[in-house]
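Report on the following structure.
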Amino acid sequence: MGEIWIPEATRLGDGNIAGSGAMDTPNNPPRAVWHTTEGSAGTESAFQGTADYLMSENYEPHILYDPRTDRLGQFGPLNKSAKALVNAGSVRTNRTGLVCIQIEVMAKAGTAFTSYWKPGPNFRALLRAIRSWGIPDDWPAGRLAQSYSDDSPRSLAVWLSRGGHYGHSNIPGNDHWDPGAIDRVALLAAGGAPTPPVTPTPSPAPRYRRPRAYRAIGV
Ligand SMILES: [Zn+2]
């Protein structure tokens with residue numbers, strides 16, 4: 001089980017994304033989807049204003065992040081769906097996978113936020129939470145859209161079967177091109193080194209043997 005609420009994040013709204021619910025395909029691999037809000041950033045009023053706007057429009061992601069201030073907010077539990085995607089036919093993209101963690105970064109797709117951002121401890125907390133669900137440091141759909149008119153890969157087969165990180169520009173059934181031409185390697189590197197998977201190491205055979213006399217007591 002991964003992190004459901006990120007302790008470092010401010011709670012936004014009432015802690016329950018209206019209309020969200022359980023994942024449709026919890027046996028499919030976990031994933032994260034990156035968006036940009038296309039609005040202003042860098043101030044407390046912009047943060048609250050963006051949060052209020054997303055709630056009023058019913059587009060809530062799980063996470064709101066300001067790349068200029070490292071401010072982190074959370075609308076709802078990571079193990080339930082968010083609402084920033086549209087469906088791909090009968091596939092409810094918001095509900096695909098064990099988790100589908102959606103992050104709205106307060107930036108514009110036209111200016112890659114990784115070119116000026118200041119990720120700090122809250123960004124590392126976000127990546128820690130994402131990785132806690134087993135989401136690999138990988139971009140299975142391939143490249144992100146580099147411009148509004150760029151036709152980036154949006155394979156339904158990849159979306160259904162592969163865990164990892166996606167841009168909104170990689171999601172089948174959707175036509176947005178956010179988060180723009182961000183540096184995918186820098187994005188994940190800013191989260192710090194991933195915790196290596198725990199691999200059991202065989203323990204050496206014990207050298208100690210109980211003395212015969214002790215064993216005879218029958219403990
Ligand atoms: Zn988006």
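Each value in this text was obtained by applying a stated rule to the coordinates, not by laboratory testing. Here the structure is a predicted model, which means the values were calculated and not measured. Heads up, the Cβs are rebuilt from the backbone with ideal geometry, glycines too, and the neighbour counts pull from every protein chain shown.
Looking at the chain as a GNM with Cα springs under 10 Å, which of Leu64, Leu188, Leu72 has the largest mean-square fluctuation?
Checking each option, the largest mean-square fluctuation is seen for Leu188.
Using θ = phi - 60° and the Karplus curve 6.51 cos²θ - 1.76 cosθ + 1.60, what whole-Hz ³J(HN,Hα) does each residue of segment 85-102 get, with Gly and Pro shown as x?
Result, rounded to whole Hz: 10, 9, 6, 9, x, 7, 7, 7, 4, 5, 10, 7, x, 4, 9, 9, 7, 10.
Could you check what % of the DSSP bridge pairs in the chain are antiparallel, to the nearest 5?
On the way: 5 of 20 bridges.
Approximately 25 percent, going by the DSSP bridge assignments.
To the nearest 20 Debye, how big is the dipole of the chain about its Cα centre, given +1 on the beta carbon of each Lys and Arg and -1 on that of each Asp and Glu?
For the chain, the charge dipole is close to 1720 debye.
Under 10 Å, Cα contacts only: if you run a Gaussian network model on the chain, which one of Ser45, Ser81, Ser149 comes out with the highest mean-square fluctuation?
Comparing Ser45, Ser81, Ser149 in a Gaussian network model of the chain, the most mobile one is Ser149.
Distance between Cα centroids, segment 1-51 to segment 142-170: provide it in whole Å.
Rounded to whole Å, the Cα centres lie 20 Å apart.
When the scattering of the chain is computed by the Debye formula from its Cα atoms alone, each counted once and equally, what is log10 I(q)/I(0) at q = 0.12, 0.16 Å⁻¹?
Summing over Cα pairs of the chain leads to -0.59, -1.05.
Would you tally the net charge around Gly15, using a Cβ to Cβ cut-off of less than 14 Å, leaving Gly15 out, and scoring K and R as +1, D and E as -1?
Working: positive: Arg11, Lys80; negative: Asp14, Glu60.
Residues close to Gly15 contribute a combined charge of 0.
Using Cβ contacts closer than 10 Å as the measure, can you line up Val158, Val33 from fewest to most? Working shown, then result.
Numbers: Val158 16, Val33 27.
Fewest to most other Cβ atoms nearby, the residues stand as Val158, Val33.
Using the Cβ atoms and a cut-off under 13 Å, what net charge is assigned to the surroundings of Ala181, where Lys and Arg are +1 and Asp and Glu are -1?
Overall, the nearby charge balance is 0.
Rounded to the nearest 500, what is the 222 nm mean residue ellipticity of the chain from helices alone, with -39500 (n - 2.57) per DSSP H run of 4+ residues and division by all residues?
The helix contribution divided over the chain gives -5500 deg cm²/dmol.
Can you list the aspartates and glutamates whose alpha carbon is less than 19 Å from that of Lys118, not counting same-chain residues fewer than 8 positions off?
Of all the aspartates and glutamates, those that pass the test against Lys118 - Cα under 19 Å, at least 8 places apart if same chain - are Glu8, Glu38, Glu44, Asp66, Asp70, Glu104, Asp183.
Any chance you could run the full-extension gain for Asn58 through Asp24? It's 0.36 nm times the residue separation minus the Cα-Cα distance, nm to one decimal.
Working it through step by step, the gained length comes to 10.3 nm.
Which three semi-axes in whole Å describe the equivalent ellipsoid of segment 117-189, each the square root of 5 times a Cα gyration tensor eigenvalue, listed largest first?
Over the Cα atoms of segment 117-189, the ellipsoid semi-axes are 22, 16, 9 Å.
GNM, the chain, Cα, under 10 Å: largest mean-square fluctuation among His62, His176, His165?
Result for the chain, Cα springs under 10 Å: His176 fluctuates most.
Relative contact order, percent, of segment 10-195 when contacts are C-alpha pairs under 8 Å separated by at least 6 residues?
28 percent
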